[in-house]
Amino acid sequence: MLDFDKFTRYSKPGPRYTSYPTALEFSDTFGYTSYLEKLHSQDPKRPLSLYFHLPFCKNACYFCGCNVVFTSKEEKKERYIDYLLREMEILSQHIDVSRPVIQLHFGGGTPTFFNAEQLGRIIGAIKSHFKNFTADAEISCEIDPRHINEEQMKVMSDAGFNRVSFGIQDFDEKVQIAVHRVQPYDITKAAMELARQYNMVSVNVDLIYGLPYQSLETFKKSLDLAISLNPDRFAVFNYAHVPWLKKTMRKIDETTLPLPAEKLAIMRYTIDYMNERGYKMIGMDHFAKPADELFKAIEKGELHRNFQGYTTKGGADLIGVGLTSIGEGADYYSQNFKEMDRYEEAIDAGKLPHERGVALNVDDRIRQYVIMELMSNFKLDIGRFEKLYKVKFAEYFADALEELKPFEADELLTMTPSLIECSPTGTLLIRNIAIVFDAYMKRHASNSKTFSKTV
């Protein structure tokens, strides 16, 4: 049994490490010229991963931390598509579009808030620029089950989409009303059946714990309903309550949020529940069936983490297209403008809509490797690290190893000269463990409104 009093003491603000350095270090000092230099110097042998941000939603889900534009006007969506197509035209002048594409992802917003014809236009334009999709490319889309129909699913299926992710969050009606997302089970079930009918290879569902009025008992019921849909993967996220960043979160009554001890109990129960039903934990917040390709990646030490979660498609340059999209190269991160008017102004001027980013120095890349290994695989092979980076781990990270001793004393991890490995309980606190390797955290430690709580 968990000693909840002890472990809730670890609850503090901390990054989710979808990148390192985190987006907090992005700035406009990594300007347009710097970005173009990085694009032009990319290794032509590295494949491409494409992310398209489709930012529109009909109305707000109060828990959402995404960059979203609320609208019901068709002309806004049509205008956005026009700019997406123009952005691709400009992009094709700065990167080799003949490089193999191993991944394409539509995120939002609600990508399927665009109708079938609109989705077809976007996909057609992508395929006209990027013609070299590999046979095993992962082509995926985030879907709100309340906004999907057969025509849309057929367009995606015909275009080679093979993975979809459905947002559920919670099936409890009281929770759904509190977060302004009422979504009956039957609607989700119908969307899942549609995905299977159109031969989606992998279907993922998203759940969130830590929402208003949730308890271990109510979440157990949501898990039972979710498992009845037989998804291939689960993502079970810890709700990040950051009302100082997201205005819609201010509509949530904070007195109704579960306490850290309750959230830990939910996550511990979820891990056991999934294991008993044939799903295994992948990284911090994902579960998959043993036949899933994610397991082969773990065995080879090739599981990767990026802004879309966990993936087997590492070693690629991620190109972000659309409002607020983030890209990632071997030694940089870049982000497009978040404001629509500035996004459009850049494209009207014949420029990519790059706003900010960060170039990684040698220390950043060393720490990035360590943090992402821990976040992905819950362990770090020190010998492998030393071969890659030609530094003595114990010397380079002497301070970090000292900071890990309390975690070792609490049996959250074990340390030897050749391996750092988290215990099953330690995986629940992996963000806390990764933080000790973060060179930037000390400057943010005094600001409690920088990141969401780790527990």
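Read the figures in this text as sums done on the coordinates, not as results from a lab. Note that this is a predicted model, so its numbers are computed, not measured. Every residue, glycine among them, receives a Cβ derived from its backbone with ideal geometry; neighbour counts consider all protein chains shown.
Here are a few things to note about the model shown:
- Radius 10 Å from Cβ of Thr112, net charge of other residues (Lys, Arg +1; Asp, Glu -1): -1
- The chain, relative contact order in percent, only Cα pairs under 8 angstrom and at least six apart counted: 21 percent
- With Cα atoms defining each centre, the stretch 355-397 and the stretch 127-189 are spaced 34 Å apart in the structure.
- Loop-located trypsin sites (Lys or Arg not before Pro) in the stretch 96-139, at most 15 other Cβ atoms within 10 Å (DSSP): Lys131
- One decimal place: the segment Lys154-Lys247 gains 29.9 nm when fully extended, by the rule 0.36 nm per residue minus the C-alpha distance.
- Ranked by how many other beta carbons lie within 10 Å on average, peptides 111-120, 47-56, 21-30 from highest: 47-56, 111-120, 21-30
- Distant-in-sequence amide contacts of Leu419, defined by a placed amide H-H separation under 5 Å and a gap of 5 or more residues or a different chain, comprise Ile382.
- 3J(HN,Hα) along the stretch 20-34, derived from phi through the Karplus expression 6.51 cos²θ - 1.76 cosθ + 1.60 where θ = phi - 60°, amounts to 8, x, 6, 4, 4, 8, 5, 8, 7, 5, 8, x, 4, 4, 4 Hz, with x in place of Gly and Pro.
- Applying the Karplus relation 6.51 cos²θ - 1.76 cosθ + 1.60 with θ = phi - 60° to the stretch 138-150 yields 3J(HN,Hα) values of 8, 10, 9, 8, 7, 10, 8, x, 7, 10, 8, 9, 5 Hz, where x marks Gly and Pro.
- Sparse-neighbourhood loop sites, trypsin sites (Lys or Arg not before Pro) in the stretch 62-103 - DSSP loop, at most 11 other Cβ within 10 angstrom: Lys73
- Proximal charge balance of Asp186 [Cβ under 12 Å; K/R count +1, D/E count -1]: +1
- Histogram of C-alpha separations across the chain, 20 Å bin width, %: 24, 60, 16, 0
- Charge tally around Asn204: other residues with Cβ under 14 Å, Lys/Arg +1 each, Asp/Glu -1 each, net -4.
- Both radii were evaluated on the Cα set of the stretch 362-440; the Rg over Rh quotient, with Rh as the Kirkwood radius, amounts to 0.92.
- Value of [θ]222 nm, deg cm²/dmol, for the chain, DSSP H segments ≥ 4, -39500 (n - 2.57) each, nearest 500: -11000 deg cm²/dmol
- Rounded FRET efficiency, nearest 0.05, which uses the C-beta distance separating Tyr32 from Ala261 and R0 of 30 Å: 0.05
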